[in-house]
Each structure stands twice: as structure tokens, then as C-alpha cells.
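The values are calculated or read from the model by the stated rules, or taken from the named source; none is laboratory data. Since the structure is predicted, the reported quantities are computational estimates derived from the model, not experimental observations. Methodologically, a virtual Cβ is constructed for each residue, glycine included, from the backbone with ideal geometry; neighbour enumeration extends over all protein chains shown. Please note that ligands, DNA and RNA were not included when accessible areas were found on the heavy atoms of the full protein model with its side chains. Shrake-Rupley method; radii C 1.70, N 1.55, O 1.52, S 1.80 Å.
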Amino acid sequence: MNISFFRNFLYFNFALVTVFPPKISAALQTVEINSQLEIKNELREISSDNGNHFNLNEIKISNGLEINQESSPKNIPIQKKQLEIQSDKQFQENNIIYAKGNVIVTFRGNVLTADSFIYDQLNETIQAEGNIKLTLGDQIFSAEKIEYDFKEKKGFMLKVKGLVKTKNLSKNLDLNSYESNEIASVVKLIKQKKVLHTPDGVNNWIFYTDKLTVDNNKWFSQKAIFTNDLLETNQVKFEINSLKIFPQKDVLKLKTAISYLIFEDNLPIPFWFGTRTLNKSKEGYIFDFGSKWYVGLDELEKDGFYLGRKFEPIDISDNFVLDFEPQFLLQRSIQGYTNSYVKKDDSITADKARRDTSLSDYFGMNSDLNGKINNWDLTVKNQLTSLDISKFLDALRVSVDLTKEIDLFNSKWNKSFFAVYRDRIWNGSIGEAEIYIGYGLKIDKTNTWEKDGIKKTEKISIGMGEFKGEELNGKNLVESYKGSIFYSLDQKFPLLERENKDKFVDNSFNYIFEPINQGIYINTKLSALYSVYENGNHQEFIGFGFGPEFTLGEFKKKYFDYTRVSISPFYRLKNGESLFKFDQISDQFTLDLALDQQIYGPILLKSNATLNLDGNSKDYGDFINSNISINWKKRAYEFAIYYQPHIKRGGINFALYGFE
């Protein structure tokens, strides 16, 4: 039997699973194997207690790979086993091999099972029928029927279903190098009764299709269904229509018609997936799934609602990829003016004013350049909120970051060179501030661990740079170097806790992806900062805070079955002043508040805010930082509409949750 069919079958499933996010990375090495098998020894039927076995003594394949089998597979080391057909009944007639009843075809520890299997050596066709299951490493597939013609390179599969694990996909699909250490189990199940949440993203997908057709290594399906819900409760699924996949040497090209994101089998939302290309990199095939079109809200810089469109990444070289997103500033175009810029010829720090607009003001652009320079990761982000040349310097924001991981003090740190042009900062009650120009070096690390039930997070940052920004008590721009050291330690102490040792969930968990630990906790925070500037200016603080957190309910009932309340006062002992507005230590005493409350079913209200309790501040008693959202929360996905009043931004978030 020609093993390129297995490769093509798994190659297709790999291409399908890359339709989903967020970023999925896999590598696949394609090896062409001639479909003609030269059998030098006649097949002979061997009887045994477990059924009949065909022994393939010497099968030669054109690429030089030799498959050698001894008559008794039980006596052969696993790594030397290549191809074996087992069944209740086998016979050969006119160069056609027939296997019926509990058919098991093994190849390098991977298994294909079926009720019947036929291989026509002369015409080079295969046919498998009935309860077909294919297990290749961690990947599991099932089908009702498979037919394939190796000469014409045409075939089809009926009623295909699969469980694809993307983390090991590249290794499992590389048939030339991958070899399982043991024979794969033929009783693995696709549908699960219990699953475990994977916090690192969606790595496992179930997919279905009635028919897959292949023609000269091009794959077609009229409709393919994908879901990340391994419990298969139809909470969310993707219906991809007119799917066409064209594998090439270093890329996969996908084309689709209008497709649908379907919630609860009742609410289909159409989206256009279009034509996309998956390029091969050192890490494998990298693909970012998501709608190309989106709607956003930014009242300060884009005058309100805008429409964006994401294009396919552009490979500038082997090491650099460019992403860009043109935007149409919808609300600005309707109102016919803008409040996002200062008057012409005014200082960049002047108050924003109303200005007339032209056609070029109704368009903007975001772009990201990502790549590697030796062992360094380079990221360049650009935001342009108008294409009007006269507003170019006012509309442009740029940040550059060059980072790599280093060993320092027996631990891992991130070392970064950075540069910014017009970086926007929100600084508590001081409000919005900007770094006009800045560049420098910093090293930082974050450690999270748990000891004796106490959860701890430690952050350390050391940096030095040259900055030009708005002065603290005026509108002029000032320039100075700045050196700083920052440290913080957050801890969560359980006072009374009902912890769920079993982290698995089943169909009874309709709204959450993992069991909730209920209890009463004390959160503490300790932080310190020292900053120094030119002419001996400096500022520093030591801050500490603690407060209770209450988590009640299991989030399994329909009404008010989940509440989380957190109250965290924080006090700073501060000294000195910054030269700049953007980093001045403000708000000596604050109170952080957070509330999550289930209202009905999957409807969850989430809010957090910071209340200014500094008696010396003009904003005493005001909220200086806030966010509110209404969430539709289910086990497999979450949909949220949010708004941040202090910076006048809002939007829509959608998240998929992964399981194993």
C-alpha cells in the first residue's frame, strides 16, 4: 500500500486545522514517495490465533526507503516494523489483496483500522470501508469510506471526523522521521466525557465533513465544521464553505466562500475568510485566525468609531514579516471635522482643537514589523491616524523594541533596547501625557509561583534612557536622561478556601472552562521605585496595600451563582518630583475596586475602577481609572462588550478556550 495517501490525508487535516487561532504553529516536511511497490517475494497467508497476517519480506520504495518484515512481528523490535496488515480473513486474487474483519494496518507504530481493506497492485488503488479509524501519534481520525487512485491521484473520503492536536502535529505528520515508540492504541476516542482547560490557547480541534475530494493533491470540501468544544455540545463551531486547499512546496493556499461562526446551533454570524496563504518558517506553518474586518472605538485619537481591515502578512525576507491594517474612520467622515489634533503650527503639547477635514483624514493605518536579528526579537509598531501629509507628525506614533532573553543572577531576564515617538501614557489623576521622543535600555523579569497555598508574583525592572516629553507643571517640552529601578511583590493568602482538586469539567459546566475555587482571601502588594534625572532631580516611593477578596458560587446555576468582590487600598510614601508629566508619582492613596457578578445564565457583569483618596489631590473622590464590560460567558467561548471611560476607548472582545 502506498504510504503517500496517508501523508496526503494528514496533510489535508493539517491545512484545515490551521484555519483556527490564535496563533497556531506547525512544521511539515513533504517527502514524495513513488506509489509503485516492487514486491519481490510472494505474499503468503500465515495462520495464527489472532487471525491471518500478510508478511511483506522486501518492499522497495523509489526514495531508497526499505521496509523489512519478518514473519512474526512479535519478535521484531518496534523501530524495525514498517508495514503490516492484520485481519480475520485475507486472500490475494489477480494481484488484488483483500482483507476483511477487524482489519489493522500498521506503519511505524501508527494504525489504520477498518472493516475491510482492498489493495489493487496492478491499478494502484486502495479502498477501505466501515468504521475506519486512523491514529497517527496524537492525531485521531475516523471515516466511513476511503478510495484513492494513485495513478490518477484522485480519491475521496466519506463522513470524516478528526481530533487534531496542533502541538505535536508537525512531528506526527512527518512520516519520514516520526516513529512511535509503541503501537498506537486503536481504541482512542474523539469525543470526550471530561476535559481539562489549556491556558496556553486552543491546541485541540474536532472537525467534521461529509466528503473530502482530492484531485492531484488539491483538496476540496463543500462544507467543513470545526469546534474547540471537545465535549461536542455545539456551544460554538465554525462552518467553512467551499473549502479548497492547494499544498505547494513551502506554502499552503486556502480559499473559501462565505462561512459562518455558529453559536448554540441557532445563531450563525457570517464572515468572509477569503484567500489566505500559510508560509513555511523555521517554526513551521504559522497562521493567525481571525476576522479580517473589525470595528473599534477611539474618541481621543480617531474621533469615535472606525472600521479596520487586516491583510495577510507580507514576507519581506526570511526573518521579517510585515502586518498592516488600513482603517476607515467612520465617525470622523460622518461629522466632517476632527478634534484629535492641535491647531496647525501649534506645539505638540498644546490643547487639541477642532479642525476641518479632507478625504485623506478619513483613513488611517496600523502596521507591525516583526523579525529576528541574530538572537534578538525585533518589533516595530506604527500607528497613523490620518493620511493628510500636513498632519503627518501629529498623526504618527512609533515604537521599536529589540529584545532577547539573557541569564543574569542565576535566572532568566529580558534585555531590551527601545525607542518611541509620541508614546501615549495615562497617569492616574494627572491624566493623559506623552513621551515625545524616548530611547534607552532596560532589563526586567517576572516570576510567578505558589508556596504553601500562597500565590506570589514578583516583578523587577531596571532601565536607563533619554526622554523628551511634556514638563510636569507646564506645556513646554523638556529633555533629560532617566534611570530607574522598580520592584513589586503581589501575594494572595487564602483565609478560607474550598479548592477543587479535580480541574476537569464535563457537560454540567455550561458557563465556565474550569471549576471555581470559592473562598475568602487577603491580597497584599509591596512595591518600590527610585528614579533619577539630570541636575540631581529624583523621585522615589515605597508603597504597600492589602485588602479582602471574596469568591462565592460555582457558576453552574442560572441565577446569581457567581460573585467575586475585591477591595484593595494602596498607600505610597513618596518623595521628590519628576521633570516629566508622564511618570510623576501621583495619587498617594488609592482604592482599587473590582466586581464580577453573574446576572442570568451566561450574562456576566465585570467592572474595575481606581478611586482617588488622596486628600491633597484636586481629583479627591473621583474615579481615575475604570473599565466596565458585559460578557456572554460559556465554557468554550466568551464574548464581551467593554468601555474605558477615562481614555474614551471601547470595543468588542471574543475569545475561544482550549481543552485537552
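Please find, among Ala419, Ala395, the residue that is of a type in the set (A, V, I, L, M, F, W, C), farther than 30 Å from Asp622 by Cβ and touching a Ser or Thr at 6+ places or on another chain (Cβ under 6 Å).
Result of the check over Ala419, Ala395: Ala395.
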Query - Subset tally (residues that are in contact (Cβ under 8 Å) with a residue 24 or more places away in the chain and closer than 15 Å to Lys525 by Cβ) for segment 443-459 - result: 6
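Let's see how each residue does on (1) open to solvent by 30 Å² or more (accessible area, probe 1.4 Å); (2) of a type in the set (Lys, Arg); (3) out of contact with any Phe, Trp or Tyr (no Cβ under 7 Å at 6 or more places or on another chain):
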{"position": "Leu529", "(1), (2), (3)": "yes, no, no"}
{"position": "Phe580", "(1), (2), (3)": "no, no, no"}
{"position": "Thr590", "(1), (2), (3)": "no, no, no"}
{"position": "Ala594", "(1), (2), (3)": "no, no, yes"}
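Any residue at all in segment 126-142 that's among the aromatic types (Phe, Trp, Tyr) and either on the phi > 0 side of the Ramachandran plot or modelled with pLDDT under 90 (or both)?
Just the residues of segment 126-142 that are among the aromatic types (Phe, Trp, Tyr), to begin with: 141.
When the remaining residues are screened for being either on the phi > 0 side of the Ramachandran plot or modelled with pLDDT under 90 (or both), the result is 141.
Yes, the conditions are met somewhere in segment 126-142.
Just the residues that are among the charged types (D, E, K, R), in a strand (DSSP E or B) and modelled with pLDDT under 90, please, taken from segment 288-322.
Asp288, Arg309, Asp315
Can you name the residue in segment 298-338 that is aliphatic (A, V, I, L, M) and open to solvent by 30 Å² or more (accessible area, probe 1.4 Å) and is also farthest from Trp272 (Cα to Cα) among such residues?
Filtering segment 298-338 for residues that are aliphatic (A, V, I, L, M) and open to solvent by 30 Å² or more (accessible area, probe 1.4 Å), the one farthest from Trp272 (Cα to Cα) comes out as Leu300.
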**Report entry** Residues satisfying the stated conditions in segment 200-215, i.e. open to solvent by 30 Å² or more (accessible area, probe 1.4 Å) and assigned to a loop (DSSP other than H, G, I, E, B)
**Finding:** Asp200
Query raised in the report: Is it true that some residue in segment 273-284 is small (Gly, Ala, Ser) and modelled with pLDDT of 80 or more?
Result: no
Query raised in the report: Based on what the data block shows, is Ser568 among the small types (Gly, Ala, Ser), open to solvent by less than 40 Å² (accessible area, probe 1.4 Å) and part of a loop (DSSP other than H, G, I, E, B)?
Result: no
Query raised in the report: Out of Ala419, Ala395, Ala350, which single residue is among the aliphatic types (A, V, I, L, M) and over 28 Å from Leu441 (Cα atoms)?
Result: Ala350
Query raised in the report: Would you pick out the residues in segment 229-245 that are over 16 Å from Ile258 (Cβ atoms) and at pLDDT below 90?
Result: Glu232, Thr233, Asn234, Ile245
Requested in this report: Output the qualifying pairs, or none if there are none: Cβ atoms under 8 angstrom, residues six or more apart or on different chains, first residue in segment 216-233 and free of Cβ contacts under 8 Å to residues at least 60 places away in the same chain and open to solvent by 10 Å² or more (accessible area, probe 1.4 Å), second residue among the charged types (D, E, K, R) and in a loop (DSSP other than H, G, I, E, B).
Outcome: Glu232/Lys191
Requested in this report: Please identify the pairs in which a residue from segment 298-315 that is farther than 18 Å from Phe271 by Cα has its Cβ atom under 8 Å from the Cβ atom of a residue that is assigned to a loop (DSSP other than H, G, I, E, B) and modelled with pLDDT under 95, counting only partners at least 6 apart or on another chain.
Outcome: Asp298/Lys648; Glu299/Lys648; Leu300/Ile647; Leu300/Lys648
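Given the criteria in a strand (DSSP E or B), in contact with an Asp or Glu (Cβ under 9 Å, 6 or more places away or on another chain) and among the β-branched types (Val, Ile, Thr), does Ile624 qualify?
Numbers: in a strand (DSSP E or B): yes; in contact with an Asp or Glu (Cβ under 9 Å, 6 or more places away or on another chain): yes; among the β-branched types (Val, Ile, Thr): yes.
Yes; evaluated as a whole, the condition is true for this residue.
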Query raised in the report: Just one of the numbered conditions (1) in contact (Cβ under 8 Å) with a residue 40 or more places away in the chain; (2) of a type in the set (A, V, I, L, M, F, W, C); (3) in contact with a Leu (Cβ under 6 Å, 6 or more places away or on another chain) is not true of Ile348; which one?
Result: (3)
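Let's see how each residue does on (1) closer than 28 Å to His646 by Cα; (2) part of a helix (DSSP H, G or I); (3) open to solvent by 40 Å² or more (accessible area, probe 1.4 Å):
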position: Val398; (1), (2), (3): yes, no, no
position: Arg422; (1), (2), (3): yes, no, no
position: Trp426; (1), (2), (3): yes, no, yes
position: Ser429; (1), (2), (3): yes, yes, no
